[in-house]
Amino acid sequence: MTTVLIVDDESGVRDLLSDALRFAGYDTEVASHGREALELWRLKRIDLCVVDINMPMMDGFEFLETVRRSDLTTPVLLLSARDSSEDIARGLRYGADDYVRKPFSVEELLLRVGAILRRTQAADGDVLTYACGPLTVDVDRHEVTFADESIELSATEFRLLQMLISRLGRLVTREQLLRDIWGMDFETETTVVDTYISYLRRKVHRDNFTPITTVRGVGFKMVEPTTTT
């Protein structure tokens, strides 16, 4: 069974999320601060962490940084009561896969959780490899290389790159990305797509290789590099 680790210093939030996730078919572990969460994360098999930013002893940012030093694949969804784009950007920069602002609807949070798990728990037996110029994406091994040099991506960055490279030369709209990667089937104002595209470009654009292009006002596409003779 899929296990979700809930980390929040408010017992009411922990109970609400635990009940909702269990009702939705997930197993849950709970912690009241980052240090307690780290012990659970190290001892148990955790498929997803739902972590509040503001906590005593060790906050959500510190927890995320500590996890990412040794693990680039366990997805982390941040909860934030602060309506600050800087906090959100900081969390994404540290390797968070998504964020939800407090107060949140349980329905929205369950949609986000489901979307993250769908993109990080690939079906067994799917062996796929994509290439664009010197860039290679091995879906089965969850590996990305540039001219045989390994590139480290978060789970969301990997899924975004996989979606773009699997549709090489074709337009992928923001709506498609929001729906398939973040599970947003409703209208919402968010810059999460542009933020992650920016992070992805920083990692895969190098040596004059810039395959991710913007189609202004519509979306993005990945294109093969042109060659000259």
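Just so it is clear, none of the values below were taken in a lab; they were calculated from the coordinates. The model shown is predicted, which means the values in this text are computed figures rather than measured ones. Quick reminder, even Gly has a Cβ in these numbers, built from the backbone with ideal geometry, and neighbours come from all protein chains shown.
Some points to look at:
- Estimated distance in nm for a label pair at R141 and V106, the labels positioned 7 Å out from Cα along Cα-to-Cβ: 4.4
- Karplus-derived 3J(HN,Hα) values for the range 45-55, using 6.51 cos²θ - 1.76 cosθ + 1.60 with θ = phi - 60°, are 7, 10, 9, 7, 10, 10, 10, 6, 6, 8, 9 Hz; glycine and proline are entered as x.
- The phi-based Karplus calculation (6.51 cos²θ - 1.76 cosθ + 1.60; θ = phi - 60°) puts the 3J(HN,Hα) values of the range 171-178 at 5, 10, 7, 4, 4, 4, 5, 4 Hz, whole numbers, x for Gly and Pro.
- Once the Cα atoms are used to define both axes, helix 106-120 deviates from the longest principal axis of the chain by about 50 degrees.
- The chain: angle of helix 60-70 to the longest principal axis, Cα-based, in degrees nearest 10: 50
- Computed over the chain: relative contact order in percent, which uses C-alpha pairs under 8 Å that are six or more apart: 14
- For D98, the residues 5 or more places off, or on other chains, whose built amide H falls under 5 Å of its own are V76, L78.
- Sequence-ordered 3J(HN,Hα) estimates for the range 146-154 from the Karplus curve with 6.51, -1.76 and 1.60 and θ = phi - 60° stand at 10, 6, 6, 9, 5, 10, 8, 10, 6 Hz, glycine and proline given as x.
- Each other residue within a Cβ distance under 9 Å of T136 adds +1 if Lys or Arg and -1 if Asp or Glu, for a net charge of -3.
- Within the chain, DSSP assigns beta bridges of which about 50% are antiparallel (rounded to the nearest 5).
- Close amide H pairs (under 5 Å, H built 1.01 Å from N) link I6 with E29, V30, A31, V50, residues at least 5 positions away or on another chain.
- Taking label points 7 Å from Cα along the Cα-to-Cβ direction, Q176 and T195 give a separation of 2.3 nm.
- With the simple spin-label model, which puts each label point 7 Å out from Cα in the Cβ direction, the F23 to R90 separation comes to 3.4 nm.
- Were the residues from E224 through H205 laid out at 0.36 nm apart, the gain over their Cα-Cα distance would be 5.6 nm.
- The chain: most fluctuating residue of D87, D59, D98 per GNM, C-alpha cutoff 10 Å: D87
- Relative contact order computed over the range 26-67 (Cα-Cα under 8 Å; 6+ residues apart), in percent: 45
- Structural descriptor for the range 132-226: relative contact order 32 percent, calculated from alpha carbon pairs under 8 angstrom and at least 6 residues apart.
- Ellipticity at 222 nm from helices only: DSSP H runs of n ≥ 4 in the chain, each -39500 (n - 2.57), divided by the residue count, give -12500 deg cm²/dmol.
- For the chain, built as a Gaussian network whose Cα springs stay under 10 Å, the top-fluctuating residue of S70, S198, S32: S70
- 5 angstrom amide H check on V172, placed H, neighbours 5+ away: F220, K221
- 0 to 90° range, to nearest 10: angle between helix 11-23 axis and the chain longest Cα axis: 60
- Charge dipole magnitude, Cβ of K and R +1, D and E -1 - the chain, Cα centre, debye nearest 20: 660
- Note on the chain: with a GNM built from Cα contacts shorter than 10 Å, the maximum mean-square fluctuation among F63, F158, F23 falls on F23.
- Span from the the range 71-114 Cα centroid across to the the range 207-223 one, whole angstrom: 26
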